[in-house]
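A short write-up of the structure that comes next.
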Amino acid sequence: MSSTLEVPSSKVPLPTLTPQAVPRTRPLSTRILHLLRRGHLYLGLALFPWAILYGFTAFIFNHPAVLSDLPVTYFTRADLVGTPLENPPSARDQAAALVAAINEKQKPLVPYVLGAGEVRHVNRDWIVGSVKVGPRSISVLYDPRTASGMMRETAPTKPAAEQAPFSTGPGEGAPTRGMGMGMAPMKRQTNGITLENNLIDLFKAAVPTLLERKRLPTGEVTVTMVPDLKFPVAAGDQAWTATYNPLTTVVSGVAGKDQSDLTFRNFLLRMHLARGYPGEINTKWFWAVGVDAMAIVLCFWGLSGLLMWWQIKSTRKLGFAVLTLSAIAATSLGIAMHGVLS
């Protein structure tokens, strides 16, 4: 007896054969936009610390009380009630008084008359004074335009340092402006020390030849500023830090090792102002590279952000309005600042 095993039939779907998808190359414009977006993103991440540093240090430039090493006190017109500054003369009143005084002094045939133009204070914003109270000193800044200002305590005056036994005179101290711009020339002292093979004489002798080689006119060379030379000196058991300026020829010194009085706030502000490439590759040189990178990336951020904004159609109208208002505000403010600074 034979039996047949029947397998129940079932409908099994057959796989659908489709042609293999062939990857298509993206258009060049799409690839460029992709690179711009990625560059915008990763450069932002790379220079994030620089952006924070410049933003924060710019903020503390505008706000002297932030991270101040010593107290800052502000005062307004109300604080001046009962003082001689309660009702100060206006700028026009002072100008009119000056014209009257000139007429009184010179007695011209045709008296001078104050014109109808604007009368204003220029060049400096503040009247600045200082008050000495023992070792303490308080700077007082008064703005005659607003009849307000601030008082800021400065670092206590340090006691006179012990004179180094090898000192030939007081040192000049650190300059307050970079690159020596706007500073009076340093003066040579009569009791200093001049080295035979010194950099100043070599500099003055080399400059005329350098000018000739660069096809520039030559003339008398006057040296106005040189860097100091700082070095340790041992006098018996006492350690000193000596400073020599080749231009003033003065050698001065302080007891102990070289120390800095740089505060955290001044450190941040000086970093913000640091610029320029030194003659050798050192820390300042790499800092200058970072400053250039930040400047270039800021321009790139602006241009790439502008392009990315334009790609989003839903934001074009509002973005265009914001951009237009910003351009008008920046231009107007720039023109107004030119008038103030000039």
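We did not get these values from a lab; they are worked out from the coordinates using the rules stated. These numbers were taken from a predicted model, which means no experiment stands behind them. Reconstructed Cβ throughout: ideal geometry from the backbone, glycine too, with neighbour counts over all protein chains shown.
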(request) Would you mind computing, in nm to one decimal, how far apart the modelled labels at residue 226 and residue 150 are, each placed 7 Å from Cα along Cα→Cβ? (result) 4.0
(message) Calculate the FRET efficiency for residue 341 and residue 263 from the Cβ-Cβ distance with a Förster distance of 30 Å, rounded to the nearest 0.05.
(response) 0.55
(request) Would you mind getting me the FRET efficiency between residue 198 and residue 286? Use the beta-carbon distance for r and R0 = 35 Å, nearest 0.05. (result) 0.70
(request) May I ask you to compute the full-extension gain from residue 143 to residue 110, defined as 0.36 nm times their residue separation minus their alpha-carbon distance, rounded to one decimal in nm? (result) 8.3 nm
(request) Please give the direction-averaged projected area of the C-alpha convex hull for the stretch 201-311, in square nanometres with one decimal. (result) 13.1
(message) Per 0.36 nm of contour for each residue apart, how much would the distance between residue 103 and residue 293 grow if the chain were fully extended, relative to their Cα-Cα spacing?
(response) 62.5 nm
(message) Taking the Kirkwood radius as the inverse of the mean 1/r across Cα pairs, report the Rg/Rh of the stretch 70-154.
(response) 1.12
(request) Give the long-range amide H neighbours of residue 235: residues separated by 5 or more places, or on another chain, with amide H under 5 Å away, using H modelled in the peptide plane at 1.01 Å from N. (result) 240
(message) Relative contact order of the stretch 70-154, please, whole-number percent, based on alpha carbon pairs below 8 angstrom and at least 6 residues apart.
(response) 37
(request) Please give the length that would be gained between residue 124 and residue 37 if that part of the chain were fully extended, namely 0.36 nm times their separation in residues minus their C-alpha to C-alpha distance (nm, one decimal). (result) 26.8 nm
